[in-house]
Each structure stands twice: as structure tokens, then as C-alpha cells.
1. At a threshold of 8 angstrom on Cα-Cα distance, excluding pairs fewer than six apart, so keeping six or more, what relative contact order does the chain reach in percent?
2. Could you sort the peptides 75-88, 39-52, 21-34 by per-residue average Cβ neighbour count (10 Å cutoff), highest mean leading?
3. In deg cm²/dmol, rounded to 500, what helix-only [θ] at 222 nm does the chain give when every DSSP H run of at least 4 residues adds -39500 (n - 2.57) and the total is split over its residues?
4. Work out the length of the dipole vector of the range 3-98 about its Cα centre, built from +1 on the beta-carbon of each Lys and Arg and -1 on the beta-carbon of each Asp and Glu, and round it to the nearest 20 debye.
5. Which one, (1) 13.2, 38; (2) 14.8, 56; (3) 25.8, 83, gives Rg and Dmax of the Cα atoms in Å as derived from the coordinates shown?
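Nothing in this text is a laboratory measurement; each read-out follows from the coordinates by a stated rule. On a predicted model such as this, the values are computed, not experimentally measured, just so you know. All Cβ positions, glycine included, derive from the backbone under ideal geometry; neighbour counts span all protein chains shown.
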Amino acid sequence: MTFLVKLELQLKLTGLWSPSVPSSIALASKAPFACDTLAFEQWLQFIFIPKMQQLIDMRSPLPDQMAIAPMAQQVWQTKPEKQDVIVLLEQFDQLITHSK
């Protein structure tokens, strides 16, 4: 099972997967993590996962560094039920950073 599939599954298990797509305006945000228009979990679902999948499908280079887990830790610092998602993101950050 790939990381992206694991992340999607974990988002669904923790009730963070949304059945409705945000507006095109919300998805077009230029702010880091689209924090001005999307919840962090929406950014993961509608921007991060599709973008990473696109890079993989096109066999494009992945980023040299990734630091998504710190944002997850900040957003969900008072929500221990989100810890499994944070752990996955920490693993992904390490995988990307240490694979170069």
C-alpha cells in the first residue's frame, strides 16, 4: 500500500475526508497549505494528495524536502485522535528528506 493510499485511508478513518470538493477559488489559494481558504485536511485531500499522485504518475522528481508534519502538529495539537495522521506525515517527511 502506497503512502498516499495510507494517508487517504487514515483521513477517512479519522473522519477528516470530505465528500464535497471546495470551490475552485478556495483551491486556487497561494497561501502555504491554502490556510486562508481550506482546513488543513482539505488541503491534504484536494491539493497535496492529487499533486503528489500527479508527480508519481508522470515520474517527475519529488521535492527534495518536505515539512508537512509540523503543520499537522500545530493544527491538531489538542486532538490526540489525529495522531495517526500526524505519524504518517512525519514518516513521509523523513522519507522525502532522507531519500535525496
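1. Values: 72 pairs, mean separation 28.6, N = 100.
After rounding, I find 29 percent.
2. Numbers: 75-88: 14.9, 39-52: 18.4, 21-34: 12.8.
Final packing ranking: 39-52, 75-88, 21-34.
3. Values: 6 runs with 51 residues, N = 100.
Taking each H run of at least 4 residues, the total per residue is -14000 deg cm²/dmol.
4. On the way: 7 positive and 9 negative charges, 29 e Å.
For the range 3-98, the charge dipole is close to 140 debye.
5. Calculated Rg and Dmax of the Cα atoms in Å: the matching label is (1).
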